[in-house]
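Inspection log for the structure reproduced underneath, given as structure tokens.
The values are calculated or read from the model by the stated rules, or taken from the named source; none is laboratory data. Computed from a predicted structure; not experimentally measured. Don't worry about glycine lacking a Cβ; one is built from the backbone with ideal geometry, like all the others, and counts go over all protein chains shown. Ligands, DNA and RNA are excluded from the accessible area calculation, which covers all protein heavy atoms including side chains. Shrake-Rupley method; radii C 1.70, N 1.55, O 1.52, S 1.80 Å.
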Amino acid sequence: MREIIIDARDSGTRLNRYLARVAAKLPASLMYKYLREKRIKLNGRRCEASARLAEGDILQLYIDEEFFELQRLQRDFMRSSHRLSIIYEDENMAALYKPAGLLSHGDKSGGDALLGRFTRYLYEKGEYEPESSAFAPAVCNRLDRGTEGIVLAAKNAAAAAALGDIIKRRLVRKLYLCVCCGEPPKDGVYTAYMKKDGKRNLSAVRREMFEGAREITTGFRTLGRKGNLTLLEASLITGRPHQIRAHLSFLGAPVLGDQKYGNAKLNAKYGERSQLLCAYSVSFRLDEQALAGPAAYLDGRTFSLKEPGFVNKYFK
């Protein structure tokens, strides 16, 4: 029999995910059988695969040693660059800067990505050990490859769940800076309907609801103008993929450098090959439910970047 005391890193993790890590060779069918037969107990009692672990829980495993022969994990994250810019960090989470051109998550190619860099950082400082933890570091919001800015990342399961819930329930205010072409929208909040074509990775926006579309709401505020370029602050009220870029293109003011929704002639004129869009500020405004959770200390906090380079390039 093995007895494991759950630590803070795995608090909030589902039992079945934890077992898949610590007993990598235990088949799922056998895991469920052992749960029914009480050969897997949590705090001395029968438990379900969906049970959420908590720090200090005692897991008792009456299973054969052969199932504990851990398969050596391929540390793909070590292929990622060690370059990482951290805006804020505590024992639970971090606010990271993602440069334009870098993926938030890795793809099938296994190339460099922000998540890989963050995971490598935690591994090298001794805060993450893949063989002993069921939880892997996670980024909780994504930015398009060509968009720079702030990405929130979790160090443990409880933080990942709390940040995911806060983002889902729109308790985070996200502000962006961008350079747009043409006549910008007047200051205000705009609503439209957008549908993404997954195969083409392209979104269509219309004024009225259409089949398969979802409502989008974006706030815009003009901060500066120079010639046919405008510096805008955009506020995401809903958070759909490509929302700011597609919405501005629909309104007749595409983001400069945008290769999907932009003005090809102006992109070429200014020599911009990636959208001039930066997620520069993230603010937490928590409700009563979130204030009762592990991320309550973030209420009222704002993480911000200095002005991106394109502001100085075109408006200073």
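List of remarks:
- Flag for Leu286 being outside any strand (DSSP E or B), under 20 Å from Phe220 (Cβ atoms) and among the hydrophobic types (A, V, I, L, M, F, W, C): no
- Condition check for Gly309: touching a residue at least 12 places away in the same chain (Cβ under 8 Å), farther than 30 Å from Ala162 by Cα, open to solvent by 20 Å² or more (accessible area, probe 1.4 Å) and out of contact with any Phe, Trp or Tyr (no Cβ under 8 Å at 6 or more places or on another chain): no
- When residues of region 206-223 are limited to those that are closer than 30 Å to Gly309 by Cα and over 24 Å from the mean Cα position of the chain (by Cα), the one surrounded by the fewest Cβ atoms within 10 Å (Cβ to Cβ): Leu223
Residue by residue, here is whether (1) at pLDDT below 95; (2) in contact with an Asp or Glu (Cβ under 6 Å, 6 or more places away or on another chain); (3) closer than 24 Å to Asp165 by Cα; (4) among the polar types (S, T, N, Q) holds:
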position	(1), (2), (3), (4)
His82	yes, no, no, no
Asp90	no, no, yes, no
Ala94	no, no, yes, no
Gly106	yes, no, yes, no
Phe118	no, no, yes, no
Tyr123	yes, no, no, no
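- Leading residue by the ranking (farthest from Pro294 (Cα to Cα)) among those in region 1-40 that are of a type in the set (A, V, I, L, M) and open to solvent by 80 Å² or more (accessible area, probe 1.4 Å): Met1
- Residue match in region 120-140 (condition: assigned to a loop (DSSP other than H, G, I, E, B), closer than 30 Å to Tyr261 by Cβ, in contact with a strand residue (DSSP E or B) (Cβ under 7 Å, 6 or more places away or on another chain) and open to solvent by 10 Å² or more (accessible area, probe 1.4 Å)): yes
- Any hit, region 257-279, residues being modelled with pLDDT of 95 or more, out of contact with any Asp or Glu (no Cβ under 7 Å at 6 or more places or on another chain) and closer than 26 Å to Ile166 by Cβ: yes
- Count of region 293-306 residues which are open to solvent by 60 Å² or more (accessible area, probe 1.4 Å) and at pLDDT 95 or above: 5
- Each residue in region 144-171 was checked for being assigned to a strand (DSSP E or B) and farther than 20 Å from Arg245 by Cβ, and 3 pass.
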